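For reference, the structure is listed below as structure tokens.
The values are calculated or read from the model by the stated rules, or taken from the named source; none is laboratory data. Values in this document were obtained by computation on a predicted structure and should not be read as measured data. All Cβ positions, glycine included, derive from the backbone under ideal geometry; neighbour counts span all protein chains shown.
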Amino acid sequence: MLPSFSDMLAQLVAEPSVSSTSPDIDRSNLRVIEHLANWLNDLGFRTEVMPLPNRPDKANLIATLGGDINDGMGGLVLAGHTDTVPFDEALWHSDPFTVKDHQDRYYGLGSCDMKGFFPVALEAAATFAKQQLSAPLTIVATSDEESSMAGSRYLLECGKPKADYAIIGEPTAMQPIFAHKGISMMTIQLEGASGHSSDPSLGANALDAMHRVMGELIAMREELATANQNNAFAVNVPTMNLGCMRAGDNPNRICGHAALQIDLRLLPGMDSEAIHEALEQRIAAVVANTGVSLELQKAYPPIPPFQSDPNGELLSALSGLSGNQPGTVAFGTEAHFMQTLGMETVVWGPGSIDQAHQPNEYLDKAQLAPATDTLRRVIQKFCLV
Ligand SMILES: [Zn+2]
């Protein structure tokens with residue numbers, strides 16, 4: 001009933017679906033959603049395409065087999081995102097949109113992160129297409145995970161899907177993941193006034209003010225690290241990276257403008273909103289009375305930290321079936337949104353994050369059969385009594 005794995009992957013990769021906060025490279029994900037909806041319809045799933053508000057070029061897909069998703073029958077969600085990051089075409093050895101089957105790897109943009117998860121999930125689901133499920137099996141495909149997470153934010157707004165368990169099929173090399181840090185990125189803009197360098201009173205030096213801001217940020221980083229540790233993470237403290245600064249233009253001009261970009265990664269359990277607020281107040285306090293004005297721009301709404309029950313039923317099942325101990329990762333996912341919808345959520349999928357967001361991204365073929373097999377067993381356990 002389904003096309004072959006490589007046909008499905010080739011068709012998904014062939015549809016450009018870059019998501020980006022830069023509108024000039026941001027693309028629609030509708031063609032990817034259409035392919036998935038067609039295959040899932042053929043398998044007997046009920047499919048619902050959910051266009052995002054005010055974004056007719058972007059949509060989520062919810063496809064359900066057995067039961068009614070809203071009738072409280074529990075069940076299992078297999079979720080993934082349909083978008084990819086942008087790419088540097090010059091650094092690819094082959095066309096990023098044409099799957100290349102080479103040396104036991106499928107090369108292509110999004111092959112690993114994470115279009116490749118869908119054919120795995122569909123092949124596992126196909127086994128049950130003709131069976132009577134005791135709890136529904138739902139496949140969810142989201143938009144804009146790589147940019148704003150608008151797709152999963154909209155799912156949360158709509159209060160669906162509802163189920164007891166969710167697997168987010170991000171590439172974890174089949175290690176079940178129960179926690180990751182929250183991620184936020186922001187730009188601190190300082191606007192002073194330029195003037196002749198010989199007389200500081202002729203302007204307001206944005207770089208001098210930025211020096212105070214950086215001092216305050218580093219002090220805050222140390223306080224956060226002293227107060228918060230979690231040994232489930234390789235880097236066991238919250239981090240704040242001062243990543244990029246641009247300022248001024250000439251040594252003999254008072255620096256009129258400075259902009260600093262930072263990345264903040266908080267541990268599960270930390271109150272992101274309170275910390276963001278404190279950060280803003282502290283930097284506002286140090287630039288007060290400098291004659292420099294401050295503006296803080298968030299790159300996108302923060303990705304909240306995620307932690308699920310380390311003794312959860314789905315986590316134990318995935319650990320037992322895949323033979324991999326539960327762990328944590330350093331990247332962000334949509335897990336918080338699925339968890340907030342009421343599901344025990346685990347991040348687990350084939351492929352390695354080491355190959356994601358890279359030129360010549362590939363999916364290791366050796367992981368596909370074990371991943372499909374594990375998913376079949378998980379569906380058996382949670383959707384068939
Ligand atoms: Zn991903």
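State whether one or more residues within segment 104-115 are aliphatic (A, V, I, L, M), at pLDDT 95 or above, within 26 Å of A356 (Cα to Cα) and within 16 Å of the ligand (Cβ to nearest atom). Steps first, answer last, please.
Applying the first criterion (aliphatic (A, V, I, L, M)) to segment 104-115 yields 109, 114.
Restricting the remaining residues to those that are at pLDDT 95 or above gives 109, 114.
Of the ones still in play, those that are also within 26 Å of A356 (Cα to Cα) are 109, 114.
With the extra rule that they be within 16 Å of the ligand (Cβ to nearest atom), the set shrinks to 109, 114.
Checked against the condition, which is being aliphatic (A, V, I, L, M), at pLDDT 95 or above, within 26 Å of A356 (Cα to Cα) and within 16 Å of the ligand (Cβ to nearest atom), segment 104-115 yields at least one hit.
Give the number of residues within segment 219-236 that are touching a residue at least 12 places away in the same chain (Cβ under 8 Å) and closer than 16 Å to P310 by Cβ.
Number of matching residues: 3.
Take the residues of segment 360-370 that are touching a residue at least 60 places away in the same chain (Cβ under 8 Å) and surrounded by fewer than 24 Cβ atoms within 10 Å (Cβ to Cβ): which is nearest to C112 (Cα to Cα)?
First pass over segment 360-370, keeping only residues touching a residue at least 60 places away in the same chain (Cβ under 8 Å): 360-368, 370.
Going one step further and asking which of them are surrounded by fewer than 24 Cβ atoms within 10 Å (Cβ to Cβ), we end up with 360, 362, 364-368, 370.
Numbers: N360: 10, Y362: 6, D364: 8, K365: 10, A366: 13, Q367: 11, L368: 11, P370: 15 Å.
Only one residue fits best here, namely Y362.
If you take the residues of segment 132-184 that are on the phi > 0 side of the Ramachandran plot and in contact with a helix residue (DSSP H, G or I) (Cβ under 6 Å, 6 or more places away or on another chain), which of them is nearest to the ligand (Cβ to nearest atom)? Lay out the reasoning, then the answer.
Narrowing segment 132-184 to residues on the phi > 0 side of the Ramachandran plot: 144, 149, 159, 173-174.
Okay, now just the ones that are also in contact with a helix residue (DSSP H, G or I) (Cβ under 6 Å, 6 or more places away or on another chain), so 144, 174.
Details: D144: 11, M174: 15 Å.
Out of the qualifying residues, it is D144.
For residues in segment 341-359 being part of a helix (DSSP H, G or I) and either out of contact with any helix residue (DSSP H, G or I) (no Cβ under 6 Å at 6 or more places or on another chain) or without any contact (Cβ under 8 Å) to a residue 40 or more places away in the chain (or both), which is surrounded by the most Cβ atoms within 10 Å (Cβ to Cβ)? If you could, list the steps in order and put the result at the bottom.
Looking only at segment 341-359, we keep the residues that are part of a helix (DSSP H, G or I), and these are 353-355.
Going one step further and asking which of them are either out of contact with any helix residue (DSSP H, G or I) (no Cβ under 6 Å at 6 or more places or on another chain) or without any contact (Cβ under 8 Å) to a residue 40 or more places away in the chain (or both), we end up with 353-354.
On the way: I353: 18, D354: 10.
Residue satisfying both the conditions and the ranking: I353.
Every residue, every condition in (1) touching a strand residue (DSSP E or B) at 6+ places or on another chain (Cβ under 6 Å); (2) part of a loop (DSSP other than H, G, I, E, B), yes or no:
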residue	(1), (2)
A232	yes, yes
R246	yes, no
Q261	yes, no
A317	no, no
T333	yes, yes
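What's the total number of residues in segment 371-385 that are surrounded by 19 or more Cβ atoms within 10 Å (Cβ to Cβ) and among the polar types (S, T, N, Q)?
Keep residues of segment 371-385 that are surrounded by 19 or more Cβ atoms within 10 Å (Cβ to Cβ), which gives 371-372, 374-375, 378-379, 382-383.
Applying the additional criterion that residues be among the polar types (S, T, N, Q) yields 372, 374.
So the count comes out to 2.
If you scan segment 3-18, which residues turn out to be farther than 13 Å from F117 by Cα and touching a residue at least 12 places away in the same chain (Cβ under 8 Å)? Full working, then the answer.
Going residue by residue through segment 3-18, those that are farther than 13 Å from F117 by Cα are 3-4, 7, 11, 14-18.
The answer is P3, Q11, A14, E15, P16, S17, V18.
Among the residues of segment 320-340, what is the count of those that are in contact with a helix residue (DSSP H, G or I) (Cβ under 7 Å, 6 or more places away or on another chain), within 15 Å of A173 (Cα to Cα) and away from the ligand (no atom under 14 Å from the Cβ)?
4
Hey, among the residues in segment 176-196 that are surrounded by fewer than 21 Cβ atoms within 10 Å (Cβ to Cβ) and over 16 Å from the mean Cα position of the chain (by Cα), which one's nearest to L267 (Cα to Cα)?
M186
Filter segment 360-385 down to residues that are among the charged types (D, E, K, R) and in a helix (DSSP H, G or I) and give me whichever is nearest to D83 (Cα to Cα). Lay out the reasoning, then the answer.
Quick first cut of segment 360-385, residues among the charged types (D, E, K, R) only: 361, 364-365, 373, 376-377, 381.
Checking which are in a helix (DSSP H, G or I) leaves us with 365, 373, 376-377, 381.
Working: K365: 21, D373: 25, R376: 25, R377: 28, K381: 30 Å.
Restricting to residues being among the charged types (D, E, K, R) and in a helix (DSSP H, G or I), the top hit is K365.
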